[in-house]
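S.K.: Could you have a look at this structure, given as structure tokens, before my questions?
The values are calculated or read from the model by the stated rules, or taken from the named source; none is laboratory data. Predicted model, so just to flag it, every value in this text is computed and none were measured. When we count neighbours, we look across all protein chains shown, and the Cβ atoms used for this are built from the backbone with ideal geometry, even at glycine. SASA here: full protein model, heavy atoms, side chains in, ligands and nucleic acids out. Shrake-Rupley method; radii C 1.70, N 1.55, O 1.52, S 1.80 Å.
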Amino acid sequence: MVKICCIGAGYVGGPTMAVIALKCPSIEVAVVDISAARIAAWNGDELPIYEPGLDEVVRQCRGRNLFFSADVERHVSEADIVFVSVNTPTKTRGLGAGKAADLTYWESAARMIADVSKSDKIVVEKSTVPVKTAEAIEKILTHNCNAVNFQVLSNPEFLAEGTAVQDLLRPDRVLIGGRETAAGRKAVDALKDVYARWVPADRIVTTNLWSAELTKLAANAFLAQRISSVNAISALCEATGADVSEVAAAVGMDGRIGPKFLTAGVGFGGSCFQKDILNLVYICERHGLHEPAAYWKQVIEVNDYQKRRFVTRVVSSMFNTVSGKKVAVLGFAFKKDTGDSRETPAIDVCKGLLADGAAVCVYDPQVTEDQIRQDLAAVGEPMRQVGVARDAYEAAGGAHAICILTEWDEFKALDYRRIFDGMQKPAFLFDGRNVVDGGELRRIGFIVYSIGKPL
Ligand code: NAD
Ligand code: UGA
């Protein structure tokens, strides 16, 4: 029986291993983490992450061939294939601070693998890492343990939160990079055999190590670039009377461009786009490639501009001040169908509104009150002016304005007449995700602002 161990029971490690266990009953999969609390949650009734469809998959496999454990060393030492799916945030200090990836967690995982290994292992980079990381990992492994053979593979993950289970069950592609040696090819084939149990052969792509590592950064940069492109056009739409939804739909009908990922909004968030682009920028700069670095940096600058522009629109529309006014914030997660608020645009928007003196009252169906308070405290906001509501009606009660910051389906179906009746007048609604019907809301009496649409 092949044994797989995954180091890191987070948004990637948990769902990815659950789907491998589901599709490969003959493989024993152990997911380990240094956080005992996270492991306890994976073993409990309420999983540590909210992801549609994940509960069923975990319930089917847990205890059968899927195990969550805090005994990191034992499972690593017993495994044939070790995935490393630890966090790789942006460095906050030292060389490359604010741009380069912080590989501290990765390095300590690699050192631990070297320490406990007694049999040959395939070590798989699942985390998103800078190109050439595999070379550093190989050095750490071989210099600390020469009794066993290690093969390092790059197998980046392309799942998106909120659709992780579906993305894993039906991936656009699985990418595996390895050394172009006999041992390297053998390792690639072993990992390919795992995915081949449910992914069609033509969707499993093999490349050299550096192409696989760089593809992940490039893919995220391209995706984020599309969002910044449509957001840049949304500003021009507002200035000219064009409608960004119409423009994006017509542009996307060009087969060379395609319709996906062209939804204008308040700006992209999430734990990865910004960090991965900053990482790409840093790598370009380290290679003296200043123009490519500046090009990709601009994707983040447009995103920051879009978030600022939204706050400015709110404040300027409300007679140039929100001081002492209650603003209901509907949605705090960085996108719908997740409870994840890492790098959510809602943090920047709340910060901007609080800075102008507003009292914000947040409602999100999945992000907990503790998390919301923690996120706002982390950016230096005092809690006096922050409220957290149990539903959208409570959040909007007595408010001067509503800001919709996450495209949760339930925000489309709210009783806006009831909400309007309970608000201060004039009642403003700023739709940062273009989820409501502006015309209908104007008929109720709201003053509506939608991204990239005529006023
Ligand atoms: P996460 O923070 O949710 O999970 C990482 C886990 O690793 C944490 O639970 C942490 O306790 C654990 N960990 C850290 N060091 C450890 C160690 N030495 N031993 C054992 N456990 C350790 O992160 P995530 O969102 O799952 O992301 C993981 C990686 O995958 C990142 O590189 C990210 O860029 C990449 N990625 C994320 C997504 C996503 O949607 N979140 C998608 C694709 C790729
Ligand atoms: C993204 C990528 O889509 C995944 O392929 C990748 O694996 C992952 O990053 C990663 O490396 O972490 P994720 O961040 O989970 O996945 O979610 P997305 O659906 O990409 O959304 C990211 C942000 O962009 C959200 O804030 C979303 O609201 C925003 N977005 C997305 C738009 O504003 N417009 C769009 O058209 C699409």
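S.K.: When DSSP beta bridges are limited to those with both residues in the chain, what percentage is antiparallel, rounded to the nearest 5?
M.R.: Looking only at bridges with both residues in the chain, the antiparallel portion is about 5 percent.
S.K.: Using the heavy atoms of the protein chains and a 1.4 angstrom probe, tell me the accessible area per residue for segment 104-207 in square angstrom.
M.R.: Details: 4840 Å² over 104 residues.
Normalised by residue count, the accessible surface of segment 104-207 is 47 Å².
S.K.: Here is a follow-up. With +1 on each Lys and Arg Cβ and -1 on each Asp and Glu Cβ, how big is the dipole of segment 334-455 about its Cα centre, in debye rounded to the nearest 20?
M.R.: Roughly 440 debye, rounded to the nearest 20.
S.K.: Given the convex hull over the Cα atoms of the chain, what projected area results after averaging over all orientations, in nm²?
M.R.: So the Cα hull casts an average projection of 22.7 nm².
S.K.: Assign one of three labels to segment 85-195, namely rounded, prolate or oblate, based on the Cα gyration tensor with a ≥ b ≥ c the square roots of its eigenvalues; rounded applies when a/c is under 1.5, prolate when it is not and a/b is larger than b/c, and oblate otherwise.
M.R.: Details: a/c = 1.94, a/b = 1.03, b/c = 1.89.
Oblate is the answer for segment 85-195, as a/c is 1.5 or above yet b/c matches or exceeds a/b.
S.K.: Something else now. Along each principal axis of its Cα atoms, how long is segment 228-340 end to end? Whole angstroms, biggest number first, please.
M.R.: Largest first, segment 228-340 extends 50, 34, 31 Å along its Cα principal axes.
S.K.: Here's something else I'd like to know. Any idea what angle helix 345-355 forms with the longest principal axis of the chain, computed on alpha-carbon atoms, 0 to 90 degrees, nearest 10?
M.R.: 40
S.K.: Continuing with the same structure: Explain nothing, just compute: Karplus ³J(HN,Hα) = 6.51 cos²θ - 1.76 cosθ + 1.60, θ = phi - 60°, for every residue of segment 42-53 in order, whole Hz, x for Gly and Pro.
M.R.: Working through the residues one at a time gives 4, 8, x, 7, 10, 5, x, 10, 9, 8, x, x Hz.
S.K.: Nearest 10 degrees, 0 to 90: what angle lies between the long axis of helix 13-23 and the longest principal axis of the chain (Cα atoms)?
M.R.: Between the helix axis and the principal axis of the chain, the angle is about 60 degrees.
S.K.: Size of the dipole of the chain about the Cα centre, Lys and Arg at +1 and Asp and Glu at -1 on the beta carbon, nothing else charged, in debye to 20?
M.R.: Dipole of the chain, to the nearest 20 debye: 520 debye.
S.K.: Is segment 52-142 rounded, prolate or oblate when judged by the Cα gyration tensor, a ≥ b ≥ c being the square roots of its eigenvalues, rounded requiring a/c under 1.5 and prolate requiring a/b larger than b/c? Could the numbers behind the result be given before it?
M.R.: Working: a/c = 2.49, a/b = 1.38, b/c = 1.80.
Oblate is the answer for segment 52-142, as a/c is 1.5 or above yet b/c matches or exceeds a/b.
S.K.: On to the next question. Quick check on packing: order 240-250, 445-455 by the mean number of other C-beta atoms within 10 Å, highest mean leading.
M.R.: Highest mean packing first, the order is 445-455, 240-250.
S.K.: Treat segment 1-100 as a sphere of radius equal to its Kirkwood radius over Cα pairs and apply Stokes-Einstein at 25 °C in a medium of 0.890 mPa s; give the translational diffusion coefficient in µm²/s, rounded to a whole number.
M.R.: Once the numbers are plugged in, D ends up at 175 µm²/s.
S.K.: Moving on. Search the structure for amide H atoms under 5 Å from the amide H of Ala30, placed 1.01 Å from N in the peptide plane, and list their residues when 5 or more places away or on another chain.
M.R.: Ile4, Cys5, Cys6, Phe67
S.K.: Still on this structure, I have one more. Note the angle between two axes, namely the Cα long axis of helix 209-240 and the longest principal axis of the Cα atoms of the chain, as a number of degrees from 0 to 90, rounded to the nearest 10.
M.R.: 10
S.K.: Moving to a separate point now. Round to a whole number: what % of the accessible area of the chain belongs to carbon and sulfur, probe 1.4 Å?
M.R.: 52
S.K.: For a quick check: with amide H placed at 1.01 Å from N, whose amide H comes under 5 Å from Tyr449's, ignoring anything fewer than 5 positions away on the same chain?
M.R.: Amide H to amide H, under 5 Å and 5 or more residues apart or across chains, Tyr449 pairs with Leu429, Phe430, Asp431.
S.K.: First check a/c for segment 299-357, with a ≥ b ≥ c the square roots of the eigenvalues of its C-alpha gyration tensor; if it is under 1.5, answer rounded, and if not, answer prolate when a/b is larger than b/c or oblate otherwise.
M.R.: oblate
S.K.: Give me, ordered by chain and number, the residues 5 or more places off Thr207 or on other chains with an amide H under 5 Å from its own placed amide H.
M.R.: Amide H to amide H, under 5 Å and 5 or more residues apart or across chains, Thr207 pairs with Ile176, Gly177, Gly178.
S.K.: Report ³J(HN,Hα) in whole Hz for each residue of segment 91-105, in order, from the Karplus equation J = 6.51 cos²θ - 1.76 cosθ + 1.60 where θ = phi - 60°; Gly and Pro get x.
M.R.: Rounded to whole hertz, the list is 4, 9, 8, x, 4, x, 3, x, 9, 5, 6, 8, 9, 4, 5.
S.K.: Can you give me the Cα centroid spacing of segment 178-244 and segment 389-406 in angstrom?
M.R.: Centre-to-centre distance over Cα atoms comes out at 37 Å.
S.K.: Next question, about the same structure. Order 200-213, 223-236 from most to least packed using the mean count of other Cβ atoms within 10 Å.
M.R.: 223-236, 200-213
S.K.: So, one more: Note down the magnitude of the dipole of segment 312-366 about its Cα centre, charges +1 on Lys and Arg C-beta and -1 on Asp and Glu C-beta and zero elsewhere, to the nearest 20 debye.
M.R.: For this selection, approximately 160 debye.
S.K.: Place the peptides 409-416, 325-332 in order of packing, highest mean first, counting for every residue the other Cβ atoms within 10 Å and averaging per peptide.
M.R.: 325-332, 409-416
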